[in-house]
Amino acid sequence: MQTDLGLAYVFITHDLAVVRQVTDRVYVLKDGAIVEHAATEKVLDDPQHPYTRRLIGSIPHVESMTRR
């Protein structure tokens, strides 16, 4: 639909799993400033900014949840 109609969406979330599923590009903001932006896969798989790394590092993993 985006391509057919020439639409763009701004999707604001902290849910990085959803970001990976629904976006082509991602902009990471800290204190209202863009600290990193690129194709979604690049940012999530190879984050360059320390804040982006901390965000990704804060995602709970199934392994850590099952150790309780």
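The values are calculated or read from the model by the stated rules, or taken from the named source; none is laboratory data. For clarity, every value in this text was computed on a predicted model and none was experimentally measured. Every residue, glycine as well, gets a Cβ built from its backbone with ideal geometry; the counts of neighbours run over all protein chains shown. Accessible surface areas use protein heavy atoms only, side chains included; no ligands, DNA or RNA. Shrake-Rupley method; radii C 1.70, N 1.55, O 1.52, S 1.80 Å.
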Which residue pairs have Cβ atoms under 9 Å apart, sit 6 or more places apart or on different chains, and have a first residue in region 54-67 that is open to solvent by less than 80 Å² (accessible area, probe 1.4 Å) and at pLDDT below 85 and a second that is part of a helix (DSSP H, G or I) and of a type in the set (Gly, Ala, Ser)? Ile59/Ala17
Filter region 6-26 down to the residues that are touching a strand residue (DSSP E or B) at 6+ places or on another chain (Cβ under 9 Å) and within 19 Å of Gly57 (Cβ to Cβ) and list them by number. Leu16, Val19, Arg20, Val26
Subset of region 1-12, residues open to solvent by less than 100 Å² (accessible area, probe 1.4 Å) and at pLDDT 90 or above, comes to none
Condition met for Gly6 (on the phi > 0 side of the Ramachandran plot and more than 11 Å from the chain's Cα centre (by Cα)): yes
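Tell me whether region 45-52 contains one or more residues that are open to solvent by 70 Å² or more (accessible area, probe 1.4 Å), in a loop (DSSP other than H, G, I, E, B) and at pLDDT below 95. Even if it seems obvious, please write down each step before you answer.
Residues of region 45-52 open to solvent by 70 Å² or more (accessible area, probe 1.4 Å): 45-46, 48.
With the extra rule that they be in a loop (DSSP other than H, G, I, E, B), the set shrinks to 46, 48.
Checking the rest, the ones that are also at pLDDT below 95 come to none.
For region 45-52, residues open to solvent by 70 Å² or more (accessible area, probe 1.4 Å), in a loop (DSSP other than H, G, I, E, B) and at pLDDT below 95: absent.
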Count, please, the residues in region 23-40 that happen to be surrounded by fewer than 12 Cβ atoms within 10 Å (Cβ to Cβ) and either of a type in the set (Val, Ile, Thr) or outside any strand (DSSP E or B) (or both). 4
